[in-house]
Structure formats: C-alpha cells, structure tokens
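Enquirer: Before anything else, here's the structure in question.
Quick note: the coordinates plus some simple rules give every number you see, no bench work behind them. Note that the structure is predicted; figures quoted are calculated from it, not measured. Please note: Cβ atoms are built from the backbone with ideal geometry, for glycine as well, and neighbour counts cover all protein chains shown.
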Amino acid sequence: MRRTSRYIWRIISVCALLLSALSAYSEGTSGKSKKASEKPQAVLYGCYVDVDVMDPILHLFDKTRNGFDASLEVDLFHRIYPSFVLGYQSYDASDTYNYPIPAENPCYKVDGLYFKVGLSANVWRKNYYKKLNPISYMGLNYACSPNFNSEISGYPIDNGYWGGEGQAESTLSYQGKNKARWGEVFLGMKAPVVGHFCLGVEVMLKLLLHTETKDETAYRIHHSYAPGFGSEKNGSWGFRYTLSYYFSFYRGSVADEELY
C-alpha cells in the first residue's frame, strides 16, 4: 500500500510540473506572437520521437519488472497525431501471482516484444504559424504482443484442495510462445523544455481483448500477464513518462521564424 501511495504521488507531482510548464510556455510566448491563423499552414509539421523512461525508473524499485519502449508520432496539421510504439517488457510474477492453491517454489515469467498503433487529437490551444506547440491530447491505441515467451512451473494441479491426500500428485510445467491483444484510451501532454526537446506524461485505460489459451493434456493455461499490458487483474491503468525530440519540417516565412 505504501509503495502504491508513493507511485501515485510521483504521478501527481509530474503531472503538476508539466501543467506548470505548459502554462509558462504559453504565457511566455503569447506576448511576442501574432494572432494564430485559424487554418493550418502545413499538412506535415514534423514528428516526435519519444523514449519512455517509466519502466527503467520502476525497475529501480521493483526488480520483477523491466522494459522499455519508443514511439514515433507524426504531427499532421498540428491537430492529428498518428503513432506507432515498439517496446519490450518482462515480468516475474512468481511471488505475487494469486494462485488458489499454495505452491512451493513457483515460477511464472513472461517476456517479449509488443507494439501499438494509435491516433490522437490535440485539444490544446494551437498556433499554426509555430513550428512546435505545447500539446494536450486524447486518443486510442490498438496493442498486441504477438509472440511473447512464458515459463510456468511449480503450481500443483491435484492436491488436498480438491479432496485428495493433501500432497500434490503433479505440478504444472509449461514453456512456450503466446500472444495477447488489447485496446487503450489515453490522455497526455507534451511541453518543450530546451530547443526541440520535450517532456511528456500519458495516462491510459487498458482493456484486454484476447490472451491465448493453451490446452495441455491435463490442464488449460490462460495467461494473466502479457508484455506491454501487465496483469489482467491489476493492469487496467498504465502510465508513460517520455523524453522526446521534435523533428520540424515546417519552415514558414521569415516573419514566421520569429515566432519560434
């Protein structure tokens, strides 16, 4: 509970700092910029290349979880942002998986690549003459971990819980490839900090659409964890902290350059 409280407090603190940065950036540039056009001045303004630092930070406090991801977001009209995310995650849920029958020396590990494709819309005030704006956005992702590894062993499949003699007759043992699909609804914001470098935060609500079920001779395996999604029971919410670089393709006129 204490770890969860600290985790939530960090999220609130970073969100507050980013909101302050967005406000300061907007106020600092409003006095020297001319009135923004009501129409976009370009189709393709540029693109963001993001690196998520959330998982490396969490790994410092929780060694059972590790991973990273990077994304490409294309800036169309300063309004619409198609995106692609590629990442890797590993989970060791051996000590925390809530199995109904007590197990000795259990092992439950998953790891693998995942990807997301999505679309978001900027809901922040826009200046179409500027190369780079602070943005606040909302959108949808489709995500998939198409071929992740899983290792499960040590869990009893017949013991006293089922009316036996109180000792396990056999334990589950499985290694193989699996897949999972899910959808995400997300809200986020980005703010320039130095030059074309930006900081961002994103919160997402995840809905698991499918996990592969394996039918073995004596049992059926339904995975509760997947790379990129986390725990089916506790993984409904997710967060990203991003460090981004914005590649600008919009040049504008000489006068417009002063607005940057």
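Enquirer: How would you rank CYS198, CYS144, going from fewest to most other Cβ atoms within 10 Å of each one's own Cβ?
Expert: Arranged by neighbour count, lowest to highest, CYS198, CYS144 become CYS144, CYS198.
Enquirer: Just how far, in whole angstrom, is the stretch 189-251 from the stretch 60-121 if you go by their alpha carbon centroids?
Expert: Spelled out, the Cα-based centre of one part sits 5 Å from the other.
Enquirer: Here's another thing I want to ask about it. Tell me, what ³J(HN,Hα) does each residue in the stretch 197-208 have, in order and in whole Hz, if you take phi through Karplus 6.51 cos²θ - 1.76 cosθ + 1.60 with θ = phi - 60° and put x for Gly and Pro?
Expert: 7, 10, 10, x, 9, 9, 10, 9, 9, 10, 10, 6
Enquirer: Taking 20 Å as the cut-off for C-alpha to C-alpha distance, list the pairs among LYS63/LYS179; LYS206/LYS233; LYS63/LYS177 that go past it.
Expert: Correct reply: LYS63/LYS179; LYS63/LYS177.
Enquirer: Sort the following peptides by mean Cβ neighbour count (other Cβ atoms within 10 Å, averaged over residues), highest first: 91-97, 46-52.
Expert: Those peptides, ordered most packed to least, come out 46-52, 91-97.
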